[in-house]
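The values are calculated or read from the model by the stated rules, or taken from the named source; none is laboratory data. The structure displayed is predicted, hence computed values, not measured ones. Note that we place each Cβ from the backbone using ideal geometry, even for glycine, and neighbour counts take in every protein chain shown. Keep in mind that these areas ignore ligands, DNA and RNA; they rest on the heavy atoms of the full protein, side chains included. Shrake-Rupley method; radii C 1.70, N 1.55, O 1.52, S 1.80 Å.
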Amino acid sequence: MNSYLELQSVRKRFGNAAVLNGVHLDVAEGELVTLLGPSGCGKSTLLRCIAGLAVLDGGRIVLQGRDLGGLAPRERQVGMVFQSFALFPNLTAGENVEYGLRMRGESKRGRRRRAEELLALVDLEDKRDVYPHHLSGGQQQRIALARSLAVQPKLLLLDEPLSALDAQIRKNLRSEIRSIQQRLNMTTLFVTHDQEEALTMSDRVCIMNKGVIVQEGTPEQIYMTPRTEFAARFMGSYNVMTRPEALRLFGSLEGSSDSYALRPESVKLIGMEEDPSGHAGRGKRIVDGTVDSVSVLGTIVRYSIEAAGVKLTIDALNDGRLIGIGERRNVRLALDCSQLLQLEKEGA
Amino acid sequence: MTERNQAGWGHRTLQSLLLLYLLLPLAATAVYAFAGDWQDTVLPKQWTLEWFESLFQDTRFLEALWNSLYLCSISVALSLAVMIPAVFVLTVYAPRLESLMKGIVVLPYAVPGVVAAVGLIRTYSGGPIDIAGTAYLLVGAYFVAILPYMYQGIRNSLLTVSAPELMQAAGLLGAGPVRAFLTVVLPNIVPGILVSTLLSFSVLFGEFVLTNMLVGAHLQTVQVYLSRRMGESGHLASAIAISYFAFILILSMVLMKLGQTKGRRVRG
């Protein structure tokens, strides 16, 4: 792959704690790559190293063939959006967007025209003369996005830009950011701890843990085939089982892995009065279980079920078919052996 | 609703009592400053401007007032010029040194004025820097005396506006450190700095021990003048105190007003 951005064994320590343990990553032009991981996994530090806000202890960062090592943030041609917006409170929305152009010494007219374009891009043309204090969180973040795009950076870094916003605004802004990014073909690194955000927005997702990228792939690959226990647990409500537990449920197992994962929606629930024969077949298995709890999550109903001494989380579509299944009821589970994933050891 | 009213009354009573406690001595002083004949009545029998007249006709008073004003102004200006960049650099680039700084800036509280004054006089009379008894020494001492107010005020303003993040954002947009500081940090901390300035000013204007011991013999400031003439007549001393108070009040109001207009512009 001809990389647009290359990270080569990037290392960073804070005192005795190693925060980045040799990160490798290649990003193609126009790609949106998400760094996904729990807090403290080093994802934000990596972003700050790329921006030049933190100094590398080892490794190289190359953007469009140019080594960024030793360059000040302002020489890197990298734009960044912060979780806290970091808008300049003494400047209006329009002046904020113009700021980078003003620093470059562009003419007032040119600045003004560009700011208007960008305000239109984020759909806030009417807020040009408004100060940040009078804007909502979502509007402030859109201004921050416009501000970082105004200087036409080669790379856009988004550091948890949606974390400080309410759920509904977050969802809207997420698709807006994605559509702007695609329209401008802007190479973007997006940092988040929210797996749904990562899956819906990215071309590629990198799961980070303890200062390294543990798995990368398209959102579909990452979701359908987590490689390690960490990735499986982090990607949602995967059922992670030990080998003996998996053996009890499935009878026999492929491979010799120590742990296995099962997607919560891959298990079918069958009411006791239903005929289970329709679910039987090659590689299928029916086991009995007891419902521990039921919670309705909108379009999905999440069951916590104990079967063969294993606690399982099972998601089913909220279509009314399973309405009779409540707590302490017995149910049958239709398991599909092909859905059981073998997990690698951590760090393997 | 009634509960809230009751609570409101409670608060109001408490507030009024507090105000009374604070303003009563001032009111009494003011009455005394304007009193002519006042022997066995609740309020004076006669009112007069005599004390103020004699005060304002005394060139020494005007001179003392002027001395105080310019000494305080120079000290505060010097402190601002040194402390704003220093605290900025510390807060943004070396936050680890902050715990050390916090310790240093409370030292002026820990050393009693008399001890500081004696120490300063001994150190600076003779030796390479022989400035005992001069205004230079006083300005230096004032600088130290207002260090805590300046440090805390500037630091808090910087943290309130998240100066480190503003600097990073401006840096990524192409601004050098000096330009970023001048365009996006300084305008946002001006209201906070004005408050620190005001506070420092009133502290210095009321400071007596250092002033009297360091320059009392050579330089007449309002504080020193007040203490000298206190014995002459109670009425006169009251008139001095009231003029002094009025002066600080006007100064504070001017500074506050400046702070408000500046603050409004920042907040839009």
In peptide A:144-154, how many Cβ atoms from other protein chains are near each Cβ within 10 Å, on average?
-> 1
Tilt relative to chain B, helix B:186-206 - C-alpha long axis, 0 to 90 degrees, to 10 | 30 degrees
Based on a Kirkwood Rh over C-alpha pairs, give the Stokes-Einstein translational diffusion coefficient of region A:234-343 at 20 °C and viscosity 1.002 mPa s in µm²/s.
-> 151 µm²/s
Quickly work out the A:Ser39-to-A:Lys311 label distance, labels modelled 7 Å from Cα along the C-beta direction, and quote it in nm with one decimal.
-> 2.4 nm
Lys/Arg Cβ at +1, Asp/Glu Cβ at -1, dipole of the protein assembly as shown taken about the Cα centre: which of B:Ala116, B:Met83, A:Val78 is farthest positive-ward?
-> A:Val78
How much accessible surface area, in Å² rounded to 10, belongs to the heavy atoms of A:His133 with a 1.4 Å probe?
-> 110 Å²
Estimated [θ] at 222 nm from DSSP helical runs (n ≥ 4, -39500 (n - 2.57)) normalised by residues in chain B, nearest 500 = -25500 deg cm²/dmol
Let me have the 222 nm mean residue ellipticity of chain A computed from DSSP H runs of 4+ only, each contributing -39500 (n - 2.57), with the sum over all residues rounded to the nearest 500.
-> -8000 deg cm²/dmol
Gain in length, B:Val31 to B:Phe56, computed as 0.36 nm per residue apart minus the alpha-carbon separation, to one decimal in nm?
-> 7.2 nm
If you keep only loop residues by DSSP, which GluC sites (Glu not before Pro) in region A:1-59 have at most 15 other Cβ atoms within 10 Å of their Cβ?
-> A:Glu29
Folded to 0 to 90 degrees: helix A:167-184 orientation relative to chain A principal axis, Cα | 60 degrees
As a percent rounded to 5, the proportion of antiparallel DSSP bridges among beta bridges in the protein assembly as shown is 75 percent
Beta carbons within 10 angstrom, averaged per residue: use that to sort the peptides B:194-200, A:179-185, A:87-93, highest first.
-> A:87-93, B:194-200, A:179-185
Comparing the chain by itself with all protein chains present, which residues of region B:183-215 are at least 20 Å² less accessible (probe 1.4 Å)?
-> B:Thr183, B:Val184, B:Asn188
Solvent-accessible area per residue, Å², over region A:234-343 with all protein chains present [probe radius 1.4 Å] = 51 Å²
From the square roots a ≥ b ≥ c of the eigenvalues of the alpha-carbon gyration tensor of chain A, which class results: rounded (a/c under 1.5), prolate (a/b over b/c), or oblate?
-> prolate
Set the Förster distance to 51 Å, then compute FRET efficiency between A:Thr290 and B:Val89 from the Cβ-Cβ distance, nearest 0.05.
-> 0.20
Pop out the carbon and sulfur fraction of the accessible area of region A:5-233 as a percent, whole number, probe 1.4 Å.
-> 44 percent
Using the structure shown, list the pairs from A:Lys43/A:Lys154; A:Lys127/A:Lys171; A:Lys43/A:Lys171; A:Lys12/A:Lys345; A:Lys43/A:Lys127 with a Cα-Cα distance above 29 Å, or answer none.
-> A:Lys43/A:Lys127
Determine which lysines satisfy two conditions relative to A:Lys268: a Cα distance under 24 Å, and not lying fewer than 8 residues away in the same chain.
-> A:Lys284, A:Lys311
With the solvent-accessible surface defined on protein heavy atoms using a 1.4 Å probe, which residues belonging to region A:51-99 display a reduction of at least 40 Å² in accessible area in the multichain context relative to the isolated chain?
-> A:Arg74, A:Phe82, A:Phe88, A:Pro89, A:Asn90, A:Tyr99
For region B:51-267, the per residue accessible area (1.4 Å probe, Å²) is 48 Å²
Under 18 Å Cα-Cα from B:Lys45, which lysines qualify once same-chain neighbours fewer than 8 residues away are excluded?
-> none
Gaussian network model of chain A, springs between alpha carbon atoms under 10 Å - residue of A:Asn239, A:Asn16, A:Asn172 with greatest fluctuation = A:Asn16
Taking the Cβ-Cβ separation of A:Ser163 and A:Val62 as r and a Förster radius of 30 Å, what is the calculated FRET efficiency to the nearest 0.05?
-> 0.55
Run the quick spin-label model on B:Gln46 and A:Ser338: label points 7 Å from Cα toward the beta carbon, then report their separation in nm to one decimal.
-> 11.6 nm
Value of relative contact order over chain B, rounded to a whole percent, pairs C-alpha under 8 Å and six or more apart | 28 percent
Candidates per GluC sites (Glu not before Pro) in region A:173-231, loop by DSSP, up to 13 other Cβ within 10 Å = none
In terms of Cα to Cα distance under 21 Å, which lysines are near enough to B:Lys257, apart from those fewer than 8 places away along the same chain?
-> none
Rounded to 0.05, the calculated FRET efficiency for the beta carbons of A:Met272 and A:Leu297 at R₀ = 22 Å is 0.35
Cα gyration tensor of chain B, axes a ≥ b ≥ c as square roots of the eigenvalues: rounded (a/c below 1.5), prolate (a/b > b/c) or oblate?
-> oblate
What chymotrypsin sites (Phe, Trp or Tyr not before Pro) in region B:198-262 are in a loop by DSSP, with at most 11 other Cβ atoms within 10 Å of the Cβ?
-> none
If we sort B:37-48, A:160-171 on the protection proxy, mean other Cβ atoms within 10 Å, highest first, what's the order?
-> A:160-171, B:37-48
Please give the helix A:93-103 orientation as an angle from the longest Cα principal axis of chain A, in degrees from 0 to 90, rounded to the nearest 10.
-> 60 degrees
Leaving out ligands, DNA and RNA, calculate the buried accessible area for the pair A and B with a 1.4 Å probe, summed over both sides, in Å² to the nearest 100.
-> 2000 Å²
Two-site label geometry, B:Phe245 and B:Thr13: point separation in nm, points 7 Å out along Cα→Cβ = 2.7 nm
